[in-house]
Amino acid sequence: DNRITSEGCEYLLGTLDSNLTITYLDLSGNQVDPYLINEIESIVSSRQSRSSHRHAGVGNSRSSRISLMEDQPLSSILQRLTQNDPSLTELWLDNRDLSNLPETEPIFDALANNSYVTKLSLIGCGIDDGLVASLSLALVENTSIVEVWLSDNFITSGGCEYLLGTLDTNQTIEFLDLDGNEIEPDLMDEIQVAISKNSGLTRSHNGRERSFELS
């Protein structure tokens with residue numbers, strides 16, 4: 001219920017290109033074109049679903065997927081990745097200790113050439129800087145993974161540098177969660193900037209390209 005027009009909404013859309021934390025935005029009662037409202041809602045709703053991914057008690061489908069993966073030995077998962085199994089599109093290995101298992105690095109290597117997995121979740125898996133270095137190398141080659149969860153591991157600022165190097169060349173990853181690791185705030189900011197570029201600082205809008213710049 002303000003006096004925001006479609007032109008003002010363009011600024012908000014530009015803000016959402018670089019600000020990845022806003023998960024709710026109400027523009028009802030303003031003079032904004034419906035297609036702009038739809039674009040705002042699309043961006044915000046996708047973030048709400050990502051946020052719910054990280055919180056227990058929200059998203060039973062996530063728990064059921066993890067449960068299904070728990071029934072599979074890592075050797076079987078490795079085989080499916082290596083064979084590029086089209087039915088394996090989300091890899092959930094949360095809370096498995098991968099730190100000293102012989103399958104861990106081969107799984108990362110298999111991800112390099114896999115073209116079907118789009119979501120990778122390794123929350124609480126004991127991932128340290130050495131393992132994140134191996135994962136980073138695989139993600140340089142991978143072109144299908146869009147979302148990566150690495151929260152609650154043992155990644156330090158040194159390991160974060162590997163991920164930043166990956167994001168220099170990988171233009172596919174649009175979401176990377178590193179909460180609960182020992183990473184300096186300035187490096188987390190650099191990660192956010194890199195992810196923002198991948199998400200698209202210039203997005204196609206209603207048949208034309210809209211770029212946003214704060215002066």
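The values are calculated or read from the model by the stated rules, or taken from the named source; none is laboratory data. On a predicted model such as this, the values are computed, not experimentally measured, just so you know. Cβ coordinates were reconstructed from backbone atoms using ideal geometry, including for glycine residues, and neighbour counts include every protein chain displayed. Only protein heavy atoms, including side chains, enter the accessible area calculation; ligands, DNA and RNA are left aside. Shrake-Rupley method; radii C 1.70, N 1.55, O 1.52, S 1.80 Å.
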Can you tell me which residue in the range 97-134 is most open to solvent (accessible area, probe 1.4 Å), limited to those that are out of contact with any His (no Cβ under 9 Å at 6 or more places or on another chain), of a type in the set (S, T, N, Q) and outside any loop (DSSP other than H, G, I, E, B)? Asn113
Using beta carbons and a limit of 9 Å, which pairs, at least six apart or on different chains, have the first residue in the range 1-16 and in contact (Cβ under 8 Å) with a residue 40 or more places away in the chain and the second one in a helix (DSSP H, G or I) and of a type in the set (A, V, I, L, M)? Glu10/Leu36; Leu13/Leu36; Leu13/Ile40; Leu13/Ile43
I'd like to verify a number: residues in the range 1-44 that are modelled with pLDDT of 85 or more, part of a loop (DSSP other than H, G, I, E, B) and either among the acidic types (Asp, Glu) or closer than 25 Å to Gln192 by Cα (or both), how many? 1
So for the range 146-167 (the condition being open to solvent by 10 Å² or more (accessible area, probe 1.4 Å), at pLDDT 95 or above, touching a helix residue (DSSP H, G or I) at 6+ places or on another chain (Cβ under 7 Å) and under 14 Å from Phe108 (Cβ atoms)), does at least one residue qualify? yes
Filter the range 78-96 down to the residues that are out of contact with any helix residue (DSSP H, G or I) (no Cβ under 7 Å at 6 or more places or on another chain), in a loop (DSSP other than H, G, I, E, B) and either open to solvent by less than 70 Å² (accessible area, probe 1.4 Å) or at pLDDT 95 or above (or both) and list them by number. Gln83, Asn84, Asp85, Thr89, Arg96
Give the range 1-15 a look and list any residue that's under 13 Å from Ile37 (Cβ atoms) and in contact with a Leu (Cβ under 8 Å, 6 or more places away or on another chain), or say none. Ile4, Ser6, Cys9, Glu10, Leu12, Leu13
Pairs with Cβ under 7 Å, 6+ apart, first in the range 19-44 and closer than 16 Å to Asp1 by Cα and without any contact (Cβ under 8 Å) to a residue 40 or more places away in the chain, second of a type in the set (Ser, Thr, Tyr) and assigned to a helix (DSSP H, G or I): Val32/Ser6; Asp33/Ser6
I'm trying to understand the selection: among the residues of the range 135-144, which are touching a Ser or Thr at 6+ places or on another chain (Cβ under 6 Å) and either open to solvent by 20 Å² or more (accessible area, probe 1.4 Å) or not hydroxyl-bearing (Ser, Thr, Tyr) (or both)? Leu139, Val140, Thr143
